Amino acid sequence: MNHSITAPGGAVSIAISLVEGEPRFEVDGNSRSVASGRLGIITDHADLSSGLAWVSVEEREARCTFSLPHGKRRKASAIGNEMTVTFASPDGAQLLVVARAFDDGVAFRYQLPEAVRRTLVEEVTTFEFAEPGRAWKQPTDLPDYTRPAYEAVHANGVPVGLPSPGPSWNLPALFEVAGTWTMLTESDTDGTYFGGHITALDSEPGYRWTAPQPGEGDGFGEADPVSYTHLRAHETKTRI
């Protein structure tokens, strides 16, 4: 089973599907597949990445207005379409995937509906390309007194899926595959979830989402996200 939404202009869409119990997404731009990947998280309460069942889907218009901390204008806005897909594990635990499609890209996030404490154990999100391409990205520093500082030298035009010389790759990251340019980044990192990294997959051109290293926090706070009401992941945005 799958469901998709399309941006108002019609050129960009995102589909959410369930393949043998594993939730997945696929992004299309200008009538061609741009990227796809796995969805899901694992908490200390339930595995919400496999063995899931489709529960429901809701659609609505998405109107966003927000303030920018710097730049040429203070206020920004966007209009797109949104869907919330609900999955359930065999024991009844639910995972909500909220996806949005705008004319310049797509975004998605995870939500947990239970109003109880949950600790994230692992995020299984992947970002996969159908064929090889080039990437522009920055390796992650090993943590110490002054790092990670996001000041490492960028790798420019390297093969998609190349392992990082450090623990992972930073975001944002830029890719060119078969003439299509894609920017992978995060938004709404407001402290309820970590700012992530990406690590190359072993078997195909793509990446898996990776949590920060525990040492990056200098011993302050918990290394894993903890939720009492809902666990909100970063949004990933693909620009076409």
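Among the protein heavy atoms of region 151-191, carbon and sulfur supply 57% of the accessible surface, probe 1.4 Å, non-protein parts ignored.
Sort the following peptides by mean Cβ neighbour count (other Cβ atoms within 10 Å, averaged over residues), highest first: 153-161, 63-71, 85-93. Display every interim value, and only then the final one.
Details: 153-161: 14.2, 63-71: 8.7, 85-93: 16.3.
Most protected by this proxy first, the peptides run 85-93, 153-161, 63-71.
Ranked by solvent-accessible area (1.4 Å probe, protein heavy atoms only, all chains present), the residues 1, 83 order from largest to smallest as 1, 83. Sorting 51-59, 181-189 by average packing, meaning the other beta carbons within 10 Å per residue, from highest down gives 181-189, 51-59. From the coordinates of this entry, Kirkwood radius over Cα pairs in Å is computed, and it appears in [x] 20.8; [y] 18.6; [z] 18.2 under the label [y]. Potential lengthening of the chain between residue 59 and residue 188 amounts to 44.3 nm, from the contour at 0.36 nm per residue minus the alpha-carbon distance. For the chain, relative contact order (Cα pairs under 8 Å, six or more residues apart, normalised by length) works out to 19 percent. Contact order, relative form, for region 62-144: 17 percent (alpha carbon pairs under 8 Å, 6 or more residues apart, mean separation divided by residue count).
With a Förster radius of 35 Å applied to the C-beta separation of residue 73 and residue 1, the computed FRET efficiency comes to 0.25.
Label separation (residue 136 vs residue 156): 0.8 nm, computed from points 7 Å beyond Cα along the C-beta direction. In this structure residue 75 has an accessible area near 130 Å², from a 1.4 Å probe over the protein heavy atoms. The accessible area of residue 42, taken with all protein chains in place and a 1.4 Å probe, comes to roughly 40 Å².
Once you have the Cα-Cα distance between residue 121 and residue 30, take 0.36 nm times their residue separation minus that, and quote the gain in nm to one decimal. The partial results should precede the final answer.
Values: separation 91, 0.36 × 91 = 32.76 nm, distance 3.65 nm.
Gain on extension, residue 121 to residue 30, equals 29.1 nm.
The values are calculated or read from the model by the stated rules, or taken from the named source; none is laboratory data. Please read all numbers here as calculations on a predicted model, not as lab measurements. Cβ coordinates were reconstructed from backbone atoms using ideal geometry, including for glycine residues, and neighbour counts include every protein chain displayed. Please note that ligands, DNA and RNA were not included when accessible areas were found on the heavy atoms of the full protein model with its side chains. Shrake-Rupley method; radii C 1.70, N 1.55, O 1.52, S 1.80 Å.
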